[in-house]
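> The structure under discussion is supplied below as structure tokens; questions concerning it will follow.
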Amino acid sequence: MSEIIKNGGIVSDDWQVLKLAEGESVESVVLPGTATLLPLAVWLARKPEIIASGQKTGVWLESSEDPAAIAADVAHFTVIGIDFPKFTDGRGYSSARLLRERYGYCGEIRAIGDVLLDQLFYMKRCGIDAFALRADQNPEKALASLATFSESYQAAVDQPQPLFRRRAA
Amino acid sequence: MYRYDDLDQQLLNERVSQYRDQMARHLAGELSADDLRPLRLQNGLYIQRHGPMLRIAIPYGMLSAAQLRKLAEISRRYDRSVGHFTTRQNMQLNWPKFEETPEILSELATVEMHAIQTSGNCIRNITTDHFAGVAPDELSDPRPYCEVLRQWSTFHPEFAFLPRKFKIAVNAAAQDRAVIRAHDIGLEVVNNEAGEQGIKVFVGGGLGRTPILGKVVREFLPRKHMLSYLDAILRVYNRYGRRDNAYKARVKILVQALGIEEFSRQVEAEWAYLKDGPTTLTDTEFDRIAQHFPAPAYEKLPAENAGYSAQLAEDKAFANWAARSVHGHKVPGYAAITLSLKKTGVAPGDISEVQMIAVADLADRFSFGELRISHEQNVVLSDVKKGDLYEIWKIGRSNGLATPNIGLLTDMICCPGGDLCSLANARSIPIAEAVQNKFDDLDYLHDIGEIAINISGCMNSCGHHHVAAIGILGVDKGGEEWYQITLGGQQGNSTSIGKVIGPSFYAVEVPDVIEALINVYLEQRTPQERFIDTVQRIGAEPFKTRAYAGRDKRKAAANNEERKVANV
């Protein structure tokens, strides 16, 4: 069990992230069962088997992986992880918005990897609603950072109307 | 100019608090230097050769007199009473204290200023024509477009960690004064056949190591689609721009790799999903913002002012200044003027605290309390009466702001270079000064006429050397400073990239090389030709030949010079 930020609180969480070890292949890796975020390639290769298992399913995307690959599958997932290999790699922000705004995914999107509290506000705006922080981050401060700004100019997932449409009203 | 409402101010105050907290956590050891770096950069704070440098945003170059007074005060309290204007129309403080930067940002916020996104791999300060709103050749005032873009780009949640920095410029005049094709995105305000206003979109321009001019990705985009279309461009770039090599990470490299047709296809495909969504710009919002840029309360004046004409006739020094510094204005009896920050012996673009106050006073007294910074690193007063020009010139002259060299050889764009910048391979400021000293005779300078000589201390090209008639680029060769010369670059509607003339030169050779190039021009020009015209007519060859002729002699002189220096 570890702690993550989710639904505006700090909660215990038992999801695991499966990463292929040296020598393991997509076909042969043993699936750990419930509450596991699977690599995209594993999901794509073994979809029938995973669905048949009837267990809670999740997948995680590398920053270079296109969410379009799971566009038709999102209903199967309880959690989709988006990996930030480095916090300065901003591709995950676009991935999150695409999952929410284009592919209609309503489940949890979890930031994993190099997740720092100073990035949480923008992540939240892009539709990420759970944050598995890097181990050295302070969860209370991370939680507080979600309220860094009380307003935003642009339309995004958390506020689909840009400020100018609300300002005019 | 745009004034903040409560929401704008609240967001800015929250930004100051956020930064203050980040710095406090850093100083308490909770936020490492590496993790702080992108955060401080997006608040303008660099760590340079001698310490921190703070780059303060001046959105599209517009300042009020009150804001400039605040900058003067900040430069006195937190720096060495000097600021430096950059080619993105911003101001850099070169000697702030690291721990005092939250205080500085807090001070700036009191006058609706900040350092947001002046660095970092995000959307940077939007730049435009320094004659916006007053230029006779203007189709429309570009500033409402710029302010719309400022708000859209400020804290854009999806594009704060792009592969590399991202620069946008807007032009709305017949003559491009914003070098839009040297930007990641260049926007040109145009009307279509139906008289509807929109923008022509260029993408993939940039200087730096690989200078490329932007290509047209859309000939006409209705204004209401501007933001959703830019979102589409940025999203394609954010997802597919290279992140493995900082030198190949700008959007120009992606455009080059895909080809403009394929890049355009991807943008259009992305945009198909975003078009007509909530980000579609409403006329109500555009008009709300445009109302912040009203024409000031101009007086009804005759086009010509008899007093001014007489002063021009009587005072040659004034006439010299006016010939270079007074620009056309769309309102009869008014002019825009440039105050030169290119006095020999002062680093180009530097302005002292005393000068800041003097400029603020001039703006209040003569130009409706507003001013602009040009990307050529000078100050513009945009709305002065012709009858006031003589008085302005006298005050400007007594404050070192009236060097009559605008557009001339000594009006060089120059980056801070190796004296201050940690990226630089070579110094820029001493080279600029040496060239200025060589050409300090005013009659000679005016006889040479219009010419752009720009200097960058490294390939990042902050000094815009690629788009100068003569570009000077500092290069490092085995720990020594050398300078590569390019010829034939231009800004404006015929923006073009200069070509390297050959092997680079020693620092001490540079002024003589410039003189050699100028001499070819003076010998070959026809009466109407500017330097760049002659280069284009006769080609680079005669210039190259002259630049390298007698090089051995110059080298020997250079060596003597160095020995002399060594013996001191």
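The values are calculated or read from the model by the stated rules, or taken from the named source; none is laboratory data. The model shown is predicted, which means the values in this text are computed figures rather than measured ones. Cβ placement follows ideal geometry from the backbone for every residue including glycine, while neighbour counts extend to all protein chains displayed. Surface areas here come from the heavy atoms of the whole protein model, side chains and all, with no ligands, DNA or RNA. Shrake-Rupley method; radii C 1.70, N 1.55, O 1.52, S 1.80 Å.
> Looking at the stretch B:8-102, what strands (runs of 3 or more DSSP E) fall wholly within it and have at least 3 residues that are touching a helix residue (DSSP H, G or I) at 6+ places or on another chain (Cβ under 7 Å)?
Of the strands (runs of 3 or more DSSP E) lying wholly inside the stretch B:8-102, those with at least 3 residues that are touching a helix residue (DSSP H, G or I) at 6+ places or on another chain (Cβ under 7 Å) span B:52-56.
> Next question, about the same structure. Tell me the strands (runs of 3 or more DSSP E) entirely within the stretch A:46-135 that contain at least 1 residues that are within 11 Å of chain B (Cβ to nearest Cβ) and under 14 Å from the mean Cα position of the chain (by Cα).
A:79-84
> Does any residue of the stretch B:271-291 turn out to be of a type in the set (Asp, Glu), under 15 Å from residue B:215 (Cα atoms) and open to solvent by less than 60 Å² (accessible area, probe 1.4 Å)? Walk me through how you get there before you give the answer.
We begin by selecting, within the stretch B:271-291, every residue of a type in the set (Asp, Glu); these are B:276, B:283, B:285, B:287.
Pick out the ones that are also under 15 Å from residue B:215 (Cα atoms) and you get none.
No, the stretch B:271-291 has no match at all.
> When the stretch A:31-45 is examined, which residues are found to be open to solvent by less than 70 Å² (accessible area, probe 1.4 Å) and assigned to a loop (DSSP other than H, G, I, E, B)? First the steps, then the outcome.
Keep residues of the stretch A:31-45 that are open to solvent by less than 70 Å² (accessible area, probe 1.4 Å), which gives A:31, A:33, A:35-43, A:45.
Matches in the stretch A:31-45: A:31, A:33, A:35.
> Looking at the stretch A:9-30, which of the residues that are open to solvent by 50 Å² or more (accessible area, probe 1.4 Å) and farther than 30 Å from residue A:141 by Cα is nearest to the chain's Cα centre (by Cα)?
The qualifying residue nearest to the chain's Cα centre (by Cα) is A:20.
> Against the conditions (1) assigned by TED's automatic domain parsing to the domain that holds residue B:184; (2) within 25 Å of residue B:454 (Cα to Cα), where does residue B:143 fall short? Just the number, please.
Answer for residue B:143: the failing condition is (2).
> Residue under question is residue B:258, and the condition is that it be of a type in the set (A, V, I, L, M), open to solvent by 50 Å² or more (accessible area, probe 1.4 Å) and more than 13 Å from chain A (Cβ to nearest Cβ); does it hold?
Numbers: of a type in the set (A, V, I, L, M): yes; open to solvent by 50 Å² or more (accessible area, probe 1.4 Å): yes; more than 13 Å from chain A (Cβ to nearest Cβ): yes.
Spelling it out, residue B:258 is indeed of a type in the set (A, V, I, L, M), open to solvent by 50 Å² or more (accessible area, probe 1.4 Å) and more than 13 Å from chain A (Cβ to nearest Cβ).
> Now, a different point. Taking residue B:4 and the conditions (1) assigned to a helix (DSSP H, G or I); (2) within 14 Å of chain A (Cβ to nearest Cβ), which numbered condition does it fall short on, given that it satisfies the others?
Residue B:4 satisfies all of (1) assigned to a helix (DSSP H, G or I); (2) within 14 Å of chain A (Cβ to nearest Cβ) except (1).
> Provide a single number: the residues in the stretch B:280-300 that are within 14 Å of chain A (Cβ to nearest Cβ) and in contact (Cβ under 8 Å) with a residue 60 or more places away in the chain.
Residues of the stretch B:280-300 within 14 Å of chain A (Cβ to nearest Cβ): B:280-292.
Now restrict to residues that are in contact (Cβ under 8 Å) with a residue 60 or more places away in the chain: B:281, B:285-286, B:289-290, B:292.
Of the residues in the stretch B:280-300, 6 are within 14 Å of chain A (Cβ to nearest Cβ) and in contact (Cβ under 8 Å) with a residue 60 or more places away in the chain.
> Has the stretch B:123-144 got at least one residue that is within 14 Å of another protein chain (Cβ to nearest Cβ) and touching a strand residue (DSSP E or B) at 6+ places or on another chain (Cβ under 6 Å)?
To start, the set of residues in the stretch B:123-144 that are within 14 Å of another protein chain (Cβ to nearest Cβ) comprises B:123, B:126, B:144.
Okay, now just the ones that are also touching a strand residue (DSSP E or B) at 6+ places or on another chain (Cβ under 6 Å), so B:123, B:126.
Checked the stretch B:123-144: at least one residue is within 14 Å of another protein chain (Cβ to nearest Cβ) and touching a strand residue (DSSP E or B) at 6+ places or on another chain (Cβ under 6 Å).
> Next question. With a cut-off of at least 2 residues that are within 30 Å of residue A:166 (Cα to Cα), name the helices (runs of 4 or more DSSP H) lying wholly within the stretch B:238-333.
Working: elements: B:251-258, B:260-274, B:283-290, B:306-314, B:316-325.
Fully inside the stretch B:238-333 and qualifying: B:260-274, B:283-290.
> Which residue out of A:80, A:51 is of a type in the set (A, V, I, L, M) and open to solvent by 10 Å² or more (accessible area, probe 1.4 Å)?
Details: A:80 fails: open to solvent by 10 Å² or more (accessible area, probe 1.4 Å).
Criteria check complete, one pass: A:51.
> Which of the numbered conditions does residue B:508 fail, given that it passes all the others? Conditions: (1) assigned to a helix (DSSP H, G or I); (2) open to solvent by 10 Å² or more (accessible area, probe 1.4 Å); (3) at pLDDT 95 or above.
(3)
Conditions tested, residue by residue: (1) touching a Phe, Trp or Tyr at 6+ places or on another chain (Cβ under 8 Å); (2) more than 14 Å from every other protein chain (Cβ to nearest Cβ); (3) within 24 Å of residue A:154 (Cβ to Cβ).
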| residue | (1), (2), (3) |
| --- | --- |
| B:155 | yes, no, yes |
| B:162 | yes, no, yes |
| B:173 | yes, yes, no |
| B:183 | yes, yes, yes |
| B:189 | yes, yes, yes |
| B:199 | yes, yes, yes |
| B:210 | yes, yes, no |
| B:218 | yes, yes, yes |
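> Of the residues that sit in the stretch B:1-57 and are open to solvent by 30 Å² or more (accessible area, probe 1.4 Å) and among the hydrophobic types (A, V, I, L, M, F, W, C), which one is farthest from residue A:150 (Cα to Cα)?
Across the stretch B:1-57, the extreme among qualifying residues is B:47.
> Test each condition in (1) more than 28 Å from residue B:168 (Cα to Cα); (2) within 21 Å of the chain's Cα centre (by Cα); (3) not in a loop (DSSP other than H, G, I, E, B); (4) not hydroxyl-bearing (Ser, Thr, Tyr) for residue B:363 and report the one that comes out false.
The single condition residue B:363 does not satisfy is (1).
> OK, next. Could you run through the stretch A:150-163 and say how many residues are within 22 Å of the chain's Cα centre (by Cα), within 7 Å of chain B (Cβ to nearest Cβ) and surrounded by fewer than 19 Cβ atoms within 10 Å (Cβ to Cβ)? Spell out the reasoning first.
From the stretch A:150-163, those within 22 Å of the chain's Cα centre (by Cα) are A:152, A:154-160; that's our starting set.
After this cut, where a residue has to be within 7 Å of chain B (Cβ to nearest Cβ) as well, the list is A:152, A:154-156, A:160.
In the following step, the residues that additionally are surrounded by fewer than 19 Cβ atoms within 10 Å (Cβ to Cβ) were identified as A:160.
So the count comes out to 1.
> I would also like to ask the following. Considering only the stretch B:220-236, state which residues are facing another protein chain (nearest Cβ under 10 Å) and hydroxyl-bearing (Ser, Thr, Tyr). Talk me through it step by step, then tell me what you get.
The first filter runs over the stretch B:220-236 and keeps only residues facing another protein chain (nearest Cβ under 10 Å), leaving B:227-228, B:231, B:234-236.
Answer for the stretch B:220-236, where residues must be facing another protein chain (nearest Cβ under 10 Å) and hydroxyl-bearing (Ser, Thr, Tyr): just B:228.
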